[in-house]
Amino acid sequence: VRLNEDDMEFDMIGIDAAIANSFRRILIAELPTMAIEKVLIANNTSIIQDEVLAHRLGLVPIRVDPRLFDYLSENDQPNEKNTVVFKLHVQCKRGSPRITVKSDALKWLPNGSELVKETRNATSDSSSKPETYTYFGCSQETIPEFVKNPIIPKYPDIIVAKLGPGQEIELEAHAVKGIGKTHAKWSPVATAWYRMLPEVVLLEDIEDDLAEELKSKCPVNVFDIEDLGKGRRRATVARPRACTLCRECIRGDDWEKRVALRRVKDHFILKILEDKCERVITELS
Amino acid sequence: MNAPDRYERFVVPEGTKKVSYERDTKIINAATFTIEREDHTIGNILRMQLHRDENVLFAGYKLPHPLQYKILVRVSLFFVG
């Protein structure tokens, strides 16, 4: 019914409540996404603790299609098929005012990790490339989807940390694929809910003054007046979908007899607020 | 501290079957299915669909404990067809 960048709303008619609920549960918990999992911190002299910073980075949503990646399990090496590497290096010089580190400071490294692993072997140096924390066979830039859309965080203005003068953060973050069941950072939706379509039934014909009164009562303008001719006016239910069931129209003395509020049994309206909207739509279709 | 790892919610360990089945001794035509590593998402839908079948007399599911990730589905039929 409605689809924006950030939320969508649609109706499902003729299904049971169990299916709508399972839909909602699957949307929240079982659709895969990419989120930062491992943070390798080289230098952190800010007042934000390492683990708090890593937690915040994990919650930052990333604009990338998770279907292009595989899951990374414990025994696998992190390579270009299952990891996305970001780098964050911010420094606040002495004498300059405080800096706010926002999520657009995360830079994508398509060639993999740049941090060098400490190896005990002195002989494996010099000739070959130094060993890093990821084993990228080829640069991720060569994958056609990434040529035009580099991988960046979805919202560039998420505050990650704040730095005072003389403080520095230097770290590398690895993002992997996961589902919401493991940790909520992998949930693709901000939230998802459903409700049943409200049905407003006028038990008697409501005319003239009572009709005007009814129309002015409802805060979302569910009712409308239609003219019957001969100067009489009748109230009709124009927008039942907007009804929030506030019961304002039943308040007062006799209104209970005239208006009944119910729910249509198998008409569900699902609403989804999404961080990474494109992914959910294409996963569903 | 006692909580199991989060990936246990959907990873079936080696050796255990995903679905196992036991007939009910006291009631004829009844059985209990144990499905490992599932939760309400599947259980409720299964139960709803079983109710729509005409041969089914009794269908229900439960999670014995929220920290043990399995569901028990109990079904009993009118007669063995």
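The set of residues in region A:1-36 being of a type in the set (Val, Ile, Thr) and more than 20 Å from the chain's Cα centre (by Cα) consists of A:13, A:15, A:19.
In the set A:122, A:105, only one residue is small (Gly, Ala, Ser) and modelled with pLDDT of 70 or more; that residue is A:105. If the condition is being not in a strand (DSSP E or B) and not charged (D, E, K, R), then region A:185-203 contributes A:186, A:187, A:188, A:203. The single condition from (1) within 23 Å of residue A:184 (Cβ to Cβ); (2) of a type in the set (Val, Ile, Thr); (3) away from chain A (no Cβ under 13 Å) that residue B:41 fails is (3). One residue stands out among those in region B:55-79 that are surrounded by 11 or more Cβ atoms within 10 Å (Cβ to Cβ) and of a type in the set (Phe, Trp, Tyr): the one that is farthest from the chain's Cα centre (by Cα), which is B:78. Identify, please: which residue in region B:57-81 is touching a strand residue (DSSP E or B) at 6+ places or on another chain (Cβ under 6 Å) and free of Cβ contacts under 8 Å to residues at least 24 places away in the same chain and is, among those, farthest from residue B:27 (Cα to Cα)? Selected residue: B:62. Against the definition (at pLDDT 80 or above and in a loop (DSSP other than H, G, I, E, B)), how does residue A:130 come out, yes or no? Considered against the rule, which asks whether it is at pLDDT 80 or above and in a loop (DSSP other than H, G, I, E, B), residue A:130 comes out as no.
For region A:146-184, the set of residues classified as assigned to a loop (DSSP other than H, G, I, E, B), among the small types (Gly, Ala, Ser) and within 14 Å of chain B (Cβ to nearest Cβ) consists of A:180 only.
Take the residues of region A:10-21 that are touching a Leu at 6+ places or on another chain (Cβ under 8 Å) and within 24 Å of residue A:179 (Cβ to Cβ): which is farthest from the other protein chains (Cβ to nearest Cβ)? Give the derivation first.
Filtering region A:10-21 down to residues touching a Leu at 6+ places or on another chain (Cβ under 8 Å) leaves A:10-12, A:20.
Subsequent filtering for residues that are within 24 Å of residue A:179 (Cβ to Cβ) retains A:10, A:12, A:20.
Details: A:10: 19, A:12: 14, A:20: 10 Å.
Top of the filtered list is A:10.
Of all residues in region B:42-56, exactly one satisfies the criterion of being in contact with a Leu (Cβ under 7 Å, 6 or more places away or on another chain) and either touching a residue at least 40 places away in the same chain (Cβ under 8 Å) or among the aliphatic types (A, V, I, L, M) (or both), namely B:56.
For residues that are surrounded by 13 or more Cβ atoms within 10 Å (Cβ to Cβ), more than 23 Å from residue B:7 (Cβ to Cβ) and not aromatic (Phe, Trp, Tyr), tally how many sit in region B:17-43.
Just the residues of region B:17-43 that are surrounded by 13 or more Cβ atoms within 10 Å (Cβ to Cβ), to begin with: B:24, B:29-43.
Filter once more, so that each one left must be more than 23 Å from residue B:7 (Cβ to Cβ): B:24, B:29-33.
Applying the additional criterion that residues be not aromatic (Phe, Trp, Tyr) yields B:24, B:29-32.
Within region B:17-43, residues that are surrounded by 13 or more Cβ atoms within 10 Å (Cβ to Cβ), more than 23 Å from residue B:7 (Cβ to Cβ) and not aromatic (Phe, Trp, Tyr) number 5.
Taking the stated definitions as given, is residue B:67 under 28 Å from residue A:74 (Cβ atoms) and more than 12 Å from chain A (Cβ to nearest Cβ)? It is true that residue B:67 is under 28 Å from residue A:74 (Cβ atoms) and more than 12 Å from chain A (Cβ to nearest Cβ). Evaluation of residue A:5 against the conditions (1) touching a residue at least 24 places away in the same chain (Cβ under 8 Å); (2) surrounded by 14 or more Cβ atoms within 10 Å (Cβ to Cβ) shows that the sole unmet condition is (2). If only residues of region A:22-73 that are touching a Ser or Thr at 6+ places or on another chain (Cβ under 6 Å), in contact (Cβ under 8 Å) with a residue 24 or more places away in the chain and more than 19 Å from residue A:171 (Cβ to Cβ) are counted, the one that is farthest from the other protein chains (Cβ to nearest Cβ) is A:66. Under the condition of being within 17 Å of the chain's Cα centre (by Cα) and more than 14 Å from chain A (Cβ to nearest Cβ), the residues counted in region B:1-11 number 0. Determine, yes or no, whether residue A:84 is of a type in the set (A, V, I, L, M, F, W, C), closer than 28 Å to residue A:159 by Cβ and surrounded by 14 or more Cβ atoms within 10 Å (Cβ to Cβ). Here the answer is yes, as residue A:84 does meet what is asked.
The values are calculated or read from the model by the stated rules, or taken from the named source; none is laboratory data. The shown structure was predicted, so the numbers you read here are calculated from the model rather than taken from an experiment. Counting neighbours? That spans all protein chains shown, and the Cβs are built from the backbone with ideal geometry, glycine included.
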